[in-house]
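Worksheet: the structure to be examined is printed underneath.
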Amino acid sequence: MTASEIRELLKLIDRPEIISFAGGIPDPDFFPTAAIARAYEKIFQSNTGAGGALQYSISEGFTPLREWICAYMGRLGVEVGLDGVLVTSGSQQALEFVGKLLIGPGDKVVVTRPTYLGALQAFSPYEPTYVSVPMDEEGPELAALEAALAEKPKFFYLVPDFQNPNGTTVSLARREAILDLCVKAGVPIVEDTAYSELRYEGETIPCIAALDAARNGGHLSHVIYCGTFSKTMVPAFRIGWVNAAPEVINRLVLMKQAGDLHCSTINQIVLHDIVSSIFETHVKHLRAQYKERRDAMLAALAEFAPPGVTWTKPEGGMFVWLELPEGVNGTALLERAIKEANVAFVPGSAFHADRSGQNTLRLSFSVTKPERIREGVRRLCNLLKTG
């Protein structure tokens with residue numbers, strides 16, 4: 001187990017002189033605090049009292065919240081009953097549980113190159129051997145994925161929408177082909193959808209879980225779907241969920257019972273209250289705000305980036321991925337950026353299971369205002385110009 005570069009860099013955000021593109025976190029200015037306050041007040045002023053909200057609860061999660069998740073998934077094209085839903089402590093706990101369930105020492109796990117650092121941290125304690133599949137502009141390269149699946153891995157982990165870290169969205173054709181290959185190989189797909197609601201342009205693409213369900217009478221067969229409210233509502237609630245076939249959920253519930261019994265009862269009740277009333281309007285507001293910040297970052301890169309630097313142009317999410325000329329080391333650049341320019345980001349090697357990608361880096365635009373984004377990009381690009 002190793003320390004998360006991102007968690008360490010989050011400490012820098014408290015320094016006002018630092019322009020941070022490091023943490024992929026929501027802007028607290030956008031938290032629905034009024035709705036949250038009303039929901040808590042409603043609990044403590046109810047005639048029945050707050051006893052139930054402060055009590056132990058079932059491990060599967062607060063039933064009305066699970067029912068809301070079932071309805072939400074139904075709108076995505078996935079028919080799940082309550083026996084197909086487990087509420088978790090963020091989607092991070094769902095990933096950790098999947099690792100515990102499926103990985104034994106030396107087992108192979110397929111990931112993209114790059115991939116989400118938190119997933120590597122969740123899986124690595126169970127001692128897998130990672131097989132990394134390179135990506136192009138449409139997603140994982142199919143020939144490389146087919147070769148990786150031939151090694152009989154336990155699962156394929158994928159963030160299909162606005163991937164953390166590189167912002168790539170997997171095309172519909174590529175999703176269908178990925179599902180075909182994984183079904184043929186008998187390898188489940190772990191689909192992480194943390195950013196799927198944060199689309200700023202382009203057409204919404206069905207999740208892989210929906211494609212799987214369409215082939216199986218509306219139900220999940222080959223996909224384990226991980227969702228979260230951390231990016232759309234409030235991360236401090238620590239509420240996510242996992243959808244899968246009931247026999248998979250049954251085993252994950254046993255892990256929940258052994259791990260932390262259940263997620264906070266009162267937080268689940270409050271979250272259910274606010275998503276039932278403001279989810280669509282709040283997410284619409286987030287899209288408008290984050291789109292402005294994404295546009296500011298892309299415009300600044302177009303204005304200031306020196307020759308030889310390329311970057312992704314994500315249709316949503318929170319991240320832009322930079323590839324620097326060969327020989328430029330992202331970790332060394334970070335040290336200079338903090339000392340000389342008061343700018344922070346995450347070196348791209350953190351998102352590679354084999355620690356390659358030394359000349360890449362991730363910039364997050366979600367928590368920084370547009371004018372600060374422009375200034376931070378200008379400072380960073382000046383460092384690149386001076387070598």
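The values are calculated or read from the model by the stated rules, or taken from the named source; none is laboratory data. Remember, it's a predicted structure, so these values are computed and weren't measured experimentally. Counting neighbours? That spans all protein chains shown, and the Cβs are built from the backbone with ideal geometry, glycine included. In case anyone asks, the SASA skips ligands and DNA or RNA and just uses the protein heavy atoms, side chains included. Shrake-Rupley method; radii C 1.70, N 1.55, O 1.52, S 1.80 Å.
Data overview
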{"quantity": "Close pairs from region 346-357: first closer than 14 Å to Gly23 by Cβ, partner of a type in the set (Phe, Trp, Tyr) and not in a loop (DSSP other than H, G, I, E, B), Cβ under 6 Å, at least 6 apart", "calculated": "none"}
{"quantity": "Matching residues in region 179-199 - criterion: being within 12 Å of Asp161 (Cα to Cα) and either modelled with pLDDT under 95 or of a type outside the set (Val, Ile, Thr) (or both)", "calculated": "Glu191, Asp192, Ala194, Tyr195, Ser196, Glu197, Leu198, Arg199"}
{"quantity": "Matching helices (runs of 4 or more DSSP H) fully within region 41-147 where at least 1 residues are surrounded by fewer than 19 Cβ atoms within 10 Å (Cβ to Cβ)", "calculated": "63-76, 90-102"}
{"quantity": "Search result, residues across region 248-295 that are outside any helix (DSSP H, G or I) and surrounded by 18 or more Cβ atoms within 10 Å (Cβ to Cβ)", "calculated": "His262, Cys263, Ser264"}
{"quantity": "Residue in region 296-310 that is touching a Lys or Arg at 6+ places or on another chain (Cβ under 7 Å), of a type outside the set (Lys, Arg), surrounded by fewer than 18 Cβ atoms within 10 Å (Cβ to Cβ) and not in a helix (DSSP H, G or I) present", "calculated": "yes"}
{"quantity": "Residue tally, condition closer than 29 Å to Arg379 by Cα and either surrounded by fewer than 17 Cβ atoms within 10 Å (Cβ to Cβ) or among the hydrophobic types (A, V, I, L, M, F, W, C) (or both), over region 12-40", "calculated": "15"}
{"quantity": "Qualifying positions in region 368-387 - of a type outside the set (Asp, Glu), open to solvent by 40 Å² or more (accessible area, probe 1.4 Å) and in contact (Cβ under 8 Å) with a residue 40 or more places away in the chain", "calculated": "Lys369, Arg372, Arg374, Arg378, Arg379, Asn382, Lys385"}
{"quantity": "Search result, residues across region 311-325 that are open to solvent by 20 Å² or more (accessible area, probe 1.4 Å), in a loop (DSSP other than H, G, I, E, B) and not basic (Lys, Arg)", "calculated": "Thr312, Glu315, Pro325"}
{"quantity": "Any hit, region 174-185, residues being part of a loop (DSSP other than H, G, I, E, B) and surrounded by fewer than 24 Cβ atoms within 10 Å (Cβ to Cβ)", "calculated": "no"}
{"quantity": "Odd one out for Lys231 among (1) closer than 30 Å to Asn166 by Cα; (2) in a helix (DSSP H, G or I); (3) open to solvent by 30 Å² or more (accessible area, probe 1.4 Å)", "calculated": "(2)"}
